[in-house]
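Only one structure is covered here, and it is reproduced in the block below.
Only the coordinates and a few stated rules stand behind these numbers; no lab work does. Just so you know, these numbers come straight off a predicted model, no measurement behind them. Using ideal geometry, Cβ is built from the backbone for each residue, glycine included, and neighbour counts are taken over all protein chains shown.
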Amino acid sequence: MANQNVDVCIIGCGPSGLMLSRLLAIKGLSSIILERSKRAHVEGRIRAGVLEHGAAQTIIDSGMGERLKAERMLHDGVCFAIDGKQARVSLTAYAEGQQISVYGQHEAVRDMIAFTLENGVEIVFEAEDVALHDFETGASPSVTYQKDGREHTVSCKYIAGCDGFHGVSRKSMPQEKIKEFHRSFPFGWLGILAKAEPATDELIYARHKNGFALYSMRSSTLSRLYLQVPLDTDVADWPDEKVWNELDLRLGADAGWSVNRGEIIDKSITPLRSFVVEPMQLGRLFLAGDAAHIVPPTGAKGMNLAIADVRVLAVGLAKMINDNDVSLLNEYSQICLRRVWKAQRFSWWMTGILHTPEGAQDTYQSRIDQADLEHLLSSDCYAKIFAENYVGLPFEV
């Protein structure tokens, strides 16, 4: 049996775990990251690509964002299309000059992993049978795992559960001591990643009688696009030509604008759901990112919430370990959940006004949602509320 000792054992090698490890290192604290998957799998997962102003700056300030800063696409606004007619909301005009950064999450994770390893923090990939011990009441929690046929033990002061919705961290909490909030939506997204130069400089969110569509991008040569589809959709029922034709229909504008087409290198169906667990801490175990909350991707908040969580957690852990001040750590859940529920509301609202459930294209609710979207595009006050939420609310810590 091999034994290791660190200040914080981090479960999960996603954005929250990697960023937490770096923020702790800046404050002089040691950590180890345990990841159940292979490195190639972690680095290859195609996820979101919109970073709030504060999230992008956090990555850059941490030292892990050199490539992000050089290669990101800065967007000043967001476009909306109602049945093909496009209108724009300026983010910089309504959110004090702040912008969003478009940079693939998998690219950010690659950067973070490389930086973490280069700076001497251990990441254990393919860690099997991870188990958390003595975190609820014990002063010395530990984590055990299997690697290469040997059992390893990590002794630590605190455990950070950054291992996603299906990870072991939240499941280790006694169910009677947490409350879970769930909401599923009656549709999904058919997403494609294509080798195609983006046909627009900014994201386009479309509301159409056939359903929602989103035009986004990952680089100057890669486009990421989505179509609203029924939950039981089979990808095989959507050959490439059908996908492109439907994107042209839902996103098209008055001036004959069309989507740039190219080789589709990834195609998948994503269900939309919301999830929050309260509290996000129990004893010496703290949850962050998707382990604690999931939002529909419409509002582009997933990775951003993960970074916001660990900003709070890193400061709280440092105050406790370095200064024996537990005040911020005790408030971790309350601080994070205030932001989480605001992001849940924003994502729920965007999902509602832009999507039409199958069979509900001509109903009272569909008329209300369309009126809501039209109000957003015609009101300075409404546009300011949208812009402030989209670029990211101020960090509390």
Fully extended, how many nm does the chain gain between residue 367 and residue 201 (0.36 nm per residue separation, minus their Cα-Cα distance)?
56.8 nm
Can you give me the distance in nm between label points at residue 176 and residue 378, each placed 7 Å from the Cα along the Cα-to-Cβ direction?
5.6
Give the cross-link partners of residue 171 among the lysines, using a straight C-alpha distance below 26 Å as the criterion and excluding same-chain residues fewer than 8 apart.
38, 147, 157, 179, 301, 342
Expressed in nm to one decimal, what extension gain is obtained for the pair residue 385 and residue 248 from 0.36 nm per residue of sequence separation less their Cα-Cα distance?
46.4 nm
With runs of 4+ DSSP H residues as the only contributors, calculate the mean residue ellipticity of the chain at 222 nm using -39,500 (n - 2.57) per run, divided by the residue total and rounded to the nearest 500.
-10500 deg cm²/dmol
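Is there a quick way to get the dipole size of the chain? I mean about its Cα centre, with the Cβ of Lys and Arg at +1 and of Asp and Glu at -1; what is the value in debye to the nearest 20?
360
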What's the center-to-center distance, using Cα atoms, between segment 295-317 and segment 5-71 in Å?
12
Quick one: which residues, 5 or more positions from residue 100 or on another chain, have an amide H under 5 Å from its amide H? H modelled 1.01 Å from N in the peptide plane, none for Pro or chain starts.
75
Residues in segment 59-90 near a label at residue 220, defined as backbone nitrogen under 19 Å from the 7 Å Cα→Cβ point?
66-76
What ranking do 154-164, 195-205, 230-240, 373-383 get when scored by the average of other Cβ atoms within 10 Å per residue, highest first?
154-164, 195-205, 373-383, 230-240
A correct fewest-to-most ranking of 103, 94 by other Cβ atoms within 10 Å would be 94, 103
Along the positive direction of the dipole of segment 271-397 (beta-carbon charges: Lys, Arg +1; Asp, Glu -1; about the Cα centre), which of 343, 291, 317 reaches farthest?
317
Computed E for residue 240/residue 110 - FRET, C-beta separation, R0 25 angstrom, nearest 0.05:
0.35
Beta carbons within 10 angstrom, averaged per residue: use that to sort the peptides 166-175, 104-113, highest first.
104-113, 166-175
Check the straight Cα-Cα distances from residue 384 and name the aspartates and glutamates below 12 Å, setting aside those fewer than 8 residues away within the same chain.
96
What does DSSP give for the chain in terms of the percent of beta bridges that are antiparallel, rounded to the nearest 5?
70
Quick shape check on segment 154-225: root eigenvalues a ≥ b ≥ c of the Cα gyration tensor, a/c under 1.5 is rounded, otherwise prolate if a/b tops b/c, else oblate, and it reads oblate
Karplus-derived HN-Hα couplings along segment 205-210 (A = 6.51, B = -1.76, C = 1.60, θ = phi - 60°), whole Hz, x at Gly and Pro
9, 10, 10, 9, 4, 7
Note the full-extension length gain between residue 131 and residue 69 as 0.36 nm times their separation in residues minus their Cα-Cα distance, in nm to one decimal.
18.6 nm
